[in-house]
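Just below is one structure, and these are the notes that go with it.
Read-outs throughout are calculated quantities, based only on the coordinates presented, and are distinct from any laboratory measurement. Keep in mind that this is a model prediction, so the values were computed, not measured. Neighbour counts run over all protein chains shown; Cβ positions are idealised from the backbone, glycine included.
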Amino acid sequence: MTDRRAELADNLTRVRARLASAAATAGRDPAGITLIAVTKTYPATDVRLLAELGVTDIGENRDQEAAPKAAELRTDSAMPPLRWHFIGQLQRNKCRSVAGYADVVQSVDRVSLARALGTAAGRLRDRPLAVLIQVSLDGATGRGGALPSSADPEHGFWPVVEAVLAESGLRLDGVMAVAPSEQPAGPAFARLAQVSAQLTAQVSGACAISAGMSGDLAEAIANGATQVRIGSALLGNRPRLR
Ligand SMILES: *Cc1c(COP(=O)(O)O)cnc(C)c1O
């Protein structure tokens, strides 16, 4: 075992224990919560080690970094199939690239992006691209996210839902959010759970809730998260840039 492999295995054991304990506290089955390893800033070799340790859901937030990593690992026949989750703010001109390797785009937060991604996915793929709608929990769109209580034709949550449903190249799976930086995570994730309930009342299959990062996974699981996105607790602290 390499040192890095042992380090990742250790971290994974700790994260799985935190996840199991949060699920137990919430009275939930941990099998209903998918662990996504957020490998941004870390090399493809780490993705490979994580896959060997059984983590095959991989999150990335920048196309420039994700595209070559996904391409490198795809050519490796020894790799188990990975599921790539694109979780970063996405510009329309990157949709073609992302639709080529992502299994899920979690950061759809405006009407124009839903249309561009739907067009790209329809041309490039034989199956629809799964998407989550990113929800803003602080009422602003600066860090990404559609606005649940707004009818704004570009950034309102329901206009974005309609835009995704209108694209045959996309399949709406649920919602995603990042906790606001200056507020407690629990109440914010409770608001996300409400948005999710309103969505599933309209679109019954769209029941995924992607919430929770290294610092707030317990609050997310207490509020119904079906996927958590864990970076630093698994891979180590990233250098402070971007
Ligand atoms: C980086 C990132 C994560 C992981 O954050 P950690 O605090 O390192 O666990 C999760 N979600 C998004 C959208 C991210 O950009």
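Near the amide H of residue 39, within less than 5 Å, lie the amide hydrogens of 59, all on another chain or at least 5 residues away, with H placed in the peptide plane.
Given points 7 Å out from each Cα along the Cα-Cβ axis, report the residue 75 to residue 24 separation in nanometres with one decimal. In this crude spin-label approximation the distance works out to 4.6 nm. Each residue of the range 75-86 was assigned a 3J(HN,Hα) from its phi angle through the Karplus expression (A = 6.51, B = -1.76, C = 1.60, θ = phi - 60°), giving 7, 9, 6, 7, 7, x, x, 9, 10, 8, 10, 8 Hz with x at Gly and Pro. Ranked by how many other Cβ atoms sit within 10 Å of their own Cβ, fewest first, the residues 95, 207 fall in the order 207, 95. Amide H contacts of residue 154: none lie under 5 Å away among residues 5 or more positions distant or on a separate chain (H built 1.01 Å from N in the peptide plane; Pro and chain starts excluded). Applying 1/(1 + (r/R0)^6) with R0 = 41 Å to the Cβ-Cβ distance of residue 126 and residue 9 gives a FRET efficiency near 0.65. Modelled spin labels at residue 64 and residue 182, positioned 7 Å past Cα toward Cβ, are 3.0 nm from each other.
Sorting 182-191, 163-172 by their mean Cβ neighbour count within 10 Å, with the most densely packed peptide first, gives 163-172, 182-191. Peptides 145-152, 85-92 ranked from most to least packed by the mean count of surrounding Cβ atoms within 10 Å: 85-92, 145-152.
The stretch between residue 91 and residue 168, if pulled fully straight at 0.36 nm per residue, gains 25.7 nm over its current Cα-Cα span.
Can you give the net charge of the other residues whose Cβ lies under 14 Å from the Cβ of residue 82, counting K and R as +1 and D and E as -1?
Net local charge, residue 82 excluded: -3.
Amide H contacts under 5 Å for residue 170: 129, restricted to partners 5 or more places along the chain or on a different chain, H placed in the peptide plane at 1.01 Å from N.
With one equal scatterer per alpha carbon and no solvent term, the Debye-computed log10 I(q)/I(0) for the range 2-234 at 0.13, 0.14 1/Å reads -0.75, -0.87. Here the label points at residue 149 and residue 197, each 7 Å from Cα along the C-beta direction, are separated by 1.6 nm in the simple model.
Highest average first, the peptides 74-84, 222-232, 133-143 ordered by how many other beta carbon atoms sit within 10 Å of their residues are 222-232, 133-143, 74-84.
Once the piece of chain linking residue 2 and residue 232 is laid out straight, how much longer is it, given 0.36 nm per residue of separation minus the C-alpha distance between them?
Length gained between residue 2 and residue 232: 80.8 nm.
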